[in-house]
1. Among the numbered conditions (1) open to solvent by 100 Å² or more (accessible area, probe 1.4 Å); (2) out of contact with any helix residue (DSSP H, G or I) (no Cβ under 6 Å at 6 or more places or on another chain), tell me where residue 149 comes up short.
2. Can residue 116 be described as farther than 15 Å from residue 60 by Cβ, assigned to a helix (DSSP H, G or I) and not hydroxyl-bearing (Ser, Thr, Tyr)?
3. Output the number of the condition that residue 164 fails; it satisfies all remaining conditions of (1) part of a loop (DSSP other than H, G, I, E, B); (2) open to solvent by 100 Å² or more (accessible area, probe 1.4 Å).
4. Tell me the residue from 30, 40, 55 that is more than 23 Å from residue 120 (Cβ to Cβ), in a helix (DSSP H, G or I), of a type in the set (A, V, I, L, M, F, W, C) and over 18 Å from the mean Cα position of the chain (by Cα), please.
5. Within the group 13, 64, which residue is at pLDDT 85 or above and more than 22 Å from the chain's Cα centre (by Cα)?
6. Among (1) under 28 Å from residue 102 (Cβ atoms); (2) not in a helix (DSSP H, G or I), which single condition is residue 79 missing?
7. Among the listed residues 190, 175, 141, which satisfies the condition of being closer than 25 Å to residue 62 by Cβ, of a type in the set (A, V, I, L, M) and either part of a helix (DSSP H, G or I) or open to solvent by less than 60 Å² (accessible area, probe 1.4 Å) (or both)?
Amino acid sequence: MSDITIGRLRGGYCVSWRENGKRKRYQLKARTRKEAEAEALDVFTQQTWKPNKVATTADCIDAYIAHLADRPTAKTVGYIKGTLCATFGPYRPDQITENLCREYRNGREVYGRATGTIHSELGHLRSALKYAERARLIDNAPHIWRPAKPAPKERYLTRNEIQKIQEGCGSPHIALAVVLMLGTAGRVGAILDLT
């Protein structure tokens, strides 16, 4: 992707980049720098997309990662991009069927991936395709079949287990933290933030 620059134009923001040696510049509607950064990526994607090029699912995933920029989700999608593209990459989004999604699930299960993980990965694919639709890279985002989300793992400690945990605390401050966590179901970070 070309380097884009965000600048000022007529009291607002603009995005510019070089294409075939020529500078392209577009006025943005954003009123803050943060809004301008997000809008600039969308404008760049829309303006540089070649209408005669057929968007593949891999193209849509790449555009989604670029749109996310440095948000944590971009890193997550980047990690699973290879596995998603191995199955869906060469297909156009309108070619994705429930059977193809089920094939993906079966392939991931062979590698020992949990149903919850597969559910999340297909959810990221769905988000990428919905973004591609909003960015007008594709006409319609297809329905992405996903396995049912598994029930959360709920396991409660027995009184005997709680007693063993409390006996295993060597220091009084650790024992206090354990009592607070068990009594409030608070995360360790929240407990440490208490004053």
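1. With respect to (1) open to solvent by 100 Å² or more (accessible area, probe 1.4 Å); (2) out of contact with any helix residue (DSSP H, G or I) (no Cβ under 6 Å at 6 or more places or on another chain), residue 149 is out only on (2).
2. Values: farther than 15 Å from residue 60 by Cβ: yes; assigned to a helix (DSSP H, G or I): yes; not hydroxyl-bearing (Ser, Thr, Tyr): yes.
So residue 116 passes the test.
3. Of the numbered conditions (1) part of a loop (DSSP other than H, G, I, E, B); (2) open to solvent by 100 Å² or more (accessible area, probe 1.4 Å), the odd one out for residue 164 is (1).
4. On the way: 30 fails: in a helix (DSSP H, G or I); 55 fails: in a helix (DSSP H, G or I).
Unique residue meeting the criteria: 40.
5. Numbers: 64 fails: more than 22 Å from the chain's Cα centre (by Cα).
Residue meeting the stated conditions: 13.
6. (2)
7. Values: 190 fails: closer than 25 Å to residue 62 by Cβ; 175 fails: closer than 25 Å to residue 62 by Cβ.
Answer to the selection: 141.
Results for (1) touching a residue at least 24 places away in the same chain (Cβ under 8 Å); (2) out of contact with any helix residue (DSSP H, G or I) (no Cβ under 8 Å at 6 or more places or on another chain); (3) buried (at least 19 other Cβ atoms within 10 Å of the Cβ), shown as yes or no for each residue.
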site: 68; (1), (2), (3): no, no, yes
site: 82; (1), (2), (3): no, yes, no
site: 93; (1), (2), (3): yes, no, yes
site: 99; (1), (2), (3): no, yes, no
site: 106; (1), (2), (3): no, yes, no
site: 121; (1), (2), (3): yes, no, yes
site: 132; (1), (2), (3): yes, no, yes
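The values are calculated or read from the model by the stated rules, or taken from the named source; none is laboratory data. Predicted model, so just to flag it, every value in this text is computed and none were measured. No Cβ is skipped: glycine too gets one built from the backbone with ideal geometry, and neighbour counts run over all protein chains shown. With ligands, DNA and RNA removed, areas are computed over all heavy atoms of the protein, side chains included. Shrake-Rupley method; radii C 1.70, N 1.55, O 1.52, S 1.80 Å.
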